[in-house]
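The values are calculated or read from the model by the stated rules, or taken from the named source; none is laboratory data. Every value quoted in this text rests on a predicted model; they were computed, and no experiment measured them. Positions of Cβ are backbone-derived with ideal geometry, glycine not excepted, and every protein chain shown enters the neighbour counts. Just so you know, the surface numbers come from the protein's heavy atoms only, side chains and all, with ligands and any DNA or RNA stripped out. Shrake-Rupley method; radii C 1.70, N 1.55, O 1.52, S 1.80 Å.
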Amino acid sequence: MSKWESVIGLEIHAQLSTKSKIFSASSTLYGKDPNKQASYVDLGMPGTLPVLNKSVIKKAIQFGLAINAKIANKSIFARKNYFYPDLPKNYQISQLDSPIVEGGYIEIKDSNNQNKKINITRAHLEEDAGKSIHSNENNCTYIDLNRAGTPLLEIVSEPEIANSKEAVSYMKKIHNLVTYLDICDGNMQEGSFRCDANVSVRKIGDKNLGTRTELKNINSFKFVEKAINYEIQRQIDLLEDGKNIIQETRLYDENKDSTKSMRSKEEANDYRYFPDPDLLPIEIEEKYIMEIKNSLPELPEIKFEYYKSNYNFSEDQINIILSDIYITNFIDQAISLSKIEPKRVVNYFMSLIYSKLNKEKLKLHKSELKVEIFCLLLELIENKKITKNNFKNIIDSIWNKKNGVNEIIKSYTTDSEEDNDSVDGLIHKVISQNTKQVEEYKSGKTKIVGFFVGRVLKDAKGADPTSIKNKIIKILESV
Amino acid sequence: MDIYKKSITELSELLQKKELSSLEMTKYFLERINAYDSKLNSFISVNEDFALEQAKFADNLLSRKNENSLLAGIPIAHKDLFSTKGILTTCGSKMLESYHPPFDATVVNRLTKVGMVCIGKTNMDEFAMGSSNESSYFGPVKNPWNLTKVPGGSSGGSASAVAARLAPIATGSDTGGSIRQPASFCGLTGLKPTYGSVSRYGMIAYASSLDQGGPIAKSAEDCALLFNEMKGYDSNDPTSNYKIKEEKIKLSLKKENVKNITIGIPKEYFSDNLDSKISDILNVSIETFKKLGFNFREVSLPNHNYTIPAYYIIASAEASSNLSRYDGIKFGYRCDKPKNLEDLYLKTRKEGFGKEVKKRIMIGAYALSSGYYDEYYMRALKIRRIIKDNFMKAFENIDFLFAPTCPTTAFDIGEKTSDAVAMYLSDIYTTPVNLAGLPAVSIPIGFSDKMPVGMQIIGNYFSEEDILNIAHLYQIETDWHEKIPEEFNCE
């Protein structure tokens, strides 16, 4: 048994998903040509001034409310002064004394699978720096300021995380929350979600914290775990050899799986923080906070329990559903629209849709697939009018926008297996066989719905025309 | 026709009645600059082609539209810290010796739109840091009233140019007195508006919480005309105040309406620092106001002695951060052959900034550094609050304050360059107004040893209309504002 225990605190940087930057009108899109998204303000040209993008305030409040934190009625932007070529003004606009979010917590599972509360010290708004790209080829450093001024929410935890597993669990929980709230796209490869870890070790039973080191800019769950494990072992080795830990900033090298010193505390900058005189304090009314509170989606924890006890979804399934607010909403709508039992709806979704999303790295909300179509297709499968393979082909076609949804479905539906007993089946058949009339309806000739009702009634004598009409309209509206 | 003597209203009349085109008027003032500015050094750059282009645009405007601004076609000189698109903007520094901004400052944009013609960019203390215009990389400016004396600073070039009638009017900026002090030294009228009423966008920053653009002119009337077009809410400036009145200022105050106005005389401002001759002239001018019917009352503005230290800590702290962007990487001066990144920073800033700027960056960085922040910066902010509160208390009993603009008249070039504290003390009556964010106008009220003396009228927030009206009423009664330095009082 080791006589050492580790103490970890995380600082997570979540890029807030806004169209424009936090203090300028430039776009925040990732991957454009270098410096194509840097305005005079982003460049720090003489005389330019920052103008706050108010949407970041709402997103920060959403996060704060979701972790039961206090939202500051008055919070202040401060300048953090240090020189670096990809920091155009040579100061970063951040928050020090009065962050917008203070306190709060989230719950994770510890190593015994028990709930553990991790307190969050604060979350504050700041601007991101640009990027320096060092080239060994011609001994040059290139600067790309596209990222300069992208809004960040820095989420600082208390040093209450016991080991790398808990750290990953905490990070995943925050990742899940910010993507679920749709305030951050969570893309770790593009750096939209990254973290610094403060790591120290002490003898078990010690009350005081040991000297800590800070691991900078880790951008994957796997590396967080590895970097922390390496760093804990490095510190224990040093202490067992009777040596001291130096308070310093270290960088994790994923290729060597080790950390190396960047700078020690003695070399650390004195950031000379002071309130930014260009920006007035952010004042937030209680009423506005309440408004956001009331429009906040049901939080993942609550939904988790609901799915489990009501629908008996597996935990893996629930985690997937709750990993993206668009998937959550999609499933909720599908459950309420479809006559098929929820568990089967989710099974279909996982095997037919999610596997595709996962395999091809797609985003559900960026596809043309509407919930209504998904439900219609499920019914077609259940009624054996299409095979699962065809379903997949149809989804692929919809994704690639090859044809109108109706034509796609029609081309995969086989008439011979038509189930004439089902009125729904009849409706779908009539709709899919009369694409011309569907187009007419779409172009505004809504009276043509009578044509469809007539056709259905011809084969379904005695059925309720009003309910048929409503069903037809619903389908026609969704295609 | 003695065009150089004419007020903005008179010049405007010539243009509107087509007795003179803007092109002719612009050429006239460009010729005056050519003839006289070698004595004064009040301009850093004069772009004749650009000015003539703008004049043609103005003439076009004047011929097409009937309802033009009174400022359409009038030449103006901009202090060289207002960004002018494609036109050299140096801020008086080697650091920006060849900087051509890619955009116009909001102020420049507004004035260009109404048809004003930029005839040149005026000399100034480097990054607006100075009270004598001696810290300019482009050399000191001379005072038209006596070429061995300073014109004041930091808007010394603008003041010198207008005083010598090389430009009918000019823009300036006032962080600690930089409009009012040179106006006072050169016998002009200068308005420092309420903080937030003139956009700072594109005005190169010295101390963001204090900087404010404003007019330097021959009279309160001219000031009002220019201020009318400079002021206004600007969404590009987050400190721009949405309370700014949209309506244009009118100078309509009549003698019969002044009997309800009470002016406060702060006793601390008339103490030992003040030159006794200036004190006498102030008293004569107060008598004139009394005769006009104004009421006077002595008031107290305590803690006056802390103003200068508080001002220099706050302004320097902000400057130390604002000027960090001049690093040789993106724009402006870059040193030759740096060894590495740190060397690039050090050499660029060592060579690109002058002595006064470096001094203030060091003071500011020191005041903000860990361990000193509370002792210096926070205390300075507390003093700032106290000074503001003192003004607010005074305004409970009086309507406006009169105060000297400067403790002395213009001093000799070189006289105070070696004594920083003596130089800083020349701002003692102007800085409190900046710390509180109030408006104030400095008007000429006489001469001491042949050098002009100025007096400030300080008002509550957004009272520009009132203080300009009071100044205007005085200028109807007196002719100090019409005096022209002899050497430049000819065609």
Please determine whether any residue of the stretch B:348-358 is among the acidic types (Asp, Glu), under 26 Å from B:Ile216 (Cβ atoms) and either more than 18 Å from the chain's Cα centre (by Cα) or within 14 Å of chain A (Cβ to nearest Cβ) (or both). yes
Of everything in the stretch A:326-347, what is open to solvent by less than 20 Å² (accessible area, probe 1.4 Å) and either of a type in the set (Phe, Trp, Tyr) or farther than 18 Å from A:Ile381 by Cα (or both)? Give them in sequence order. A:Ile327, A:Thr328, A:Phe330
Within the stretch A:65-114, how many residues turn out to be touching a Phe, Trp or Tyr at 6+ places or on another chain (Cβ under 9 Å) and among the charged types (D, E, K, R)? 3
Here is a list: A:Ile143, A:Ile133, A:Ile204, A:Ile155. Which entry is open to solvent by 70 Å² or more (accessible area, probe 1.4 Å) and closer than 26 Å to A:Pro88 by Cα? A:Ile133
Can you go through B:Glu97, B:Glu31 and tell me which one is of a type outside the set (A, V, I, L, M), more than 14 Å from every other protein chain (Cβ to nearest Cβ) and open to solvent by 10 Å² or more (accessible area, probe 1.4 Å)? B:Glu31
Report, by residue number, each residue of the stretch B:477-491 that is open to solvent by 20 Å² or more (accessible area, probe 1.4 Å) and assigned to a loop (DSSP other than H, G, I, E, B). B:Thr478, B:Asp479, B:Lys483, B:Ile484, B:Asn489, B:Cys490, B:Glu491
Which of the residues belonging to the stretch B:321-338 are among the basic types (Lys, Arg), part of a loop (DSSP other than H, G, I, E, B) and either touching a residue at least 40 places away in the same chain (Cβ under 8 Å) or within 13 Å of chain A (Cβ to nearest Cβ) (or both)? B:Lys330, B:Arg334
When A:Tyr84 is run through (1) outside any strand (DSSP E or B); (2) more than 18 Å from B:Ser321 (Cα to Cα); (3) open to solvent by 70 Å² or more (accessible area, probe 1.4 Å), the failure sits at (2)
Kindly indicate which of A:Asn244, A:Asn219 is open to solvent by 40 Å² or more (accessible area, probe 1.4 Å), under 23 Å from A:Phe193 (Cα atoms) and polar (S, T, N, Q). A:Asn219
Which of the numbered conditions does B:Glu268 fail, given that it passes all the others? Conditions: (1) loosely packed, with under 14 Cβ neighbours inside 10 Å; (2) at pLDDT below 95; (3) part of a helix (DSSP H, G or I). (1)
Could you list all residues from the stretch B:46-94 that are surrounded by 24 or more Cβ atoms within 10 Å (Cβ to Cβ), β-branched (Val, Ile, Thr) and within 14 Å of chain A (Cβ to nearest Cβ)? B:Thr89, B:Thr90
What's the number of the condition B:Thr288 fails, among (1) in contact with a Ser or Thr (Cβ under 7 Å, 6 or more places away or on another chain); (2) open to solvent by 20 Å² or more (accessible area, probe 1.4 Å); (3) in a loop (DSSP other than H, G, I, E, B)? (3)
Residue match in the stretch A:160-174 (condition: open to solvent by less than 60 Å² (accessible area, probe 1.4 Å) and free of Cβ contacts under 8 Å to residues at least 60 places away in the same chain): yes
Criterion first (surrounded by 17 or more Cβ atoms within 10 Å (Cβ to Cβ) and within 14 Å of another protein chain (Cβ to nearest Cβ)) does A:Phe313 satisfy it? no
Those residues of the stretch A:28-47 which are over 18 Å from A:Glu126 (Cβ atoms) and open to solvent by less than 40 Å² (accessible area, probe 1.4 Å) amount to A:Gln37, A:Ser39, A:Met45, A:Pro46, A:Gly47
Those residues that are more than 23 Å from B:Pro168 (Cβ to Cβ), open to solvent by 10 Å² or more (accessible area, probe 1.4 Å) and not polar (S, T, N, Q), I need them from the stretch B:448-476; list them, please. B:Asp449, B:Lys450, B:Tyr461, B:Phe462, B:Asp466
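Here's the yes/no breakdown for (1) in a helix (DSSP H, G or I); (2) more than 14 Å from every other protein chain (Cβ to nearest Cβ):
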{"site": "A:Ser24", "(1), (2)": "no, no"}
{"site": "A:Lys32", "(1), (2)": "no, yes"}
{"site": "A:Gln37", "(1), (2)": "no, yes"}
{"site": "A:Asp42", "(1), (2)": "yes, no"}
{"site": "A:Thr48", "(1), (2)": "no, no"}
{"site": "A:Val51", "(1), (2)": "no, no"}
{"site": "A:Lys58", "(1), (2)": "yes, yes"}
{"site": "A:Leu65", "(1), (2)": "yes, yes"}
{"site": "A:Lys80", "(1), (2)": "no, no"}
Name the pairs whose Cβ atoms lie under 6 Å apart, with the first residue in the stretch B:358-373 and in a loop (DSSP other than H, G, I, E, B), the second surrounded by 15 or more Cβ atoms within 10 Å (Cβ to Cβ), and 6 or more positions between them or separate chains? B:Ser369/A:Arg272
Just wondering, is there one or more residues in the stretch B:185-202 that are away from every other protein chain (no Cβ under 14 Å), out of contact with any Pro (no Cβ under 8 Å at 6 or more places or on another chain) and more than 14 Å from B:Ser42 (Cβ to Cβ)? no
From the options B:Thr194, B:Thr239, residue that is farther than 18 Å from B:Phe82 by Cβ and either in a strand (DSSP E or B) or not charged (D, E, K, R) (or both): B:Thr194
Would you confirm whether any residue within the stretch A:194-209 is more than 18 Å from A:Arg263 (Cα to Cα) and part of a helix (DSSP H, G or I)? no
Considering residues of the stretch B:272-285 that are part of a helix (DSSP H, G or I) and over 13 Å from B:Met455 (Cβ atoms) only, the residue modelled with the highest pLDDT: B:Lys277
Yes/no for B:Ala207 being crowded, with 24+ Cβ neighbours inside 10 Å and either within 14 Å of chain A (Cβ to nearest Cβ) or part of a strand (DSSP E or B) (or both): yes
For A:Glu283, work out the one condition from (1) open to solvent by 100 Å² or more (accessible area, probe 1.4 Å); (2) touching a helix residue (DSSP H, G or I) at 6+ places or on another chain (Cβ under 6 Å); (3) within 14 Å of chain B (Cβ to nearest Cβ) it doesn't fulfil. (2)
When you scan the stretch B:132-161, how many residues do you find that are β-branched (Val, Ile, Thr), over 12 Å from B:Phe43 (Cβ atoms) and open to solvent by less than 10 Å² (accessible area, probe 1.4 Å)? 1
Cβ contacts < 7 Å: first residue in a strand (DSSP E or B), restricted to the stretch B:31-45; second residue among the basic types (Lys, Arg), any location; separation 6+ or different chain. Result? B:Phe43/B:Lys121; B:Ile44/B:Lys121; B:Ser45/B:Lys121
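Okay, residues lined up against (1) of a type in the set (Val, Ile, Thr); (2) over 19 Å from B:Asn273 (Cβ atoms); (3) part of a helix (DSSP H, G or I):
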{"site": "B:Lys388", "(1), (2), (3)": "no, yes, yes"}
{"site": "B:Ala394", "(1), (2), (3)": "no, yes, yes"}
{"site": "B:Leu401", "(1), (2), (3)": "no, no, no"}
{"site": "B:Pro407", "(1), (2), (3)": "no, no, no"}
{"site": "B:Val421", "(1), (2), (3)": "yes, no, yes"}
{"site": "B:Ile428", "(1), (2), (3)": "yes, no, no"}
{"site": "B:Asn434", "(1), (2), (3)": "no, no, yes"}
{"site": "B:Leu438", "(1), (2), (3)": "no, yes, no"}
{"site": "B:Ile445", "(1), (2), (3)": "yes, no, no"}
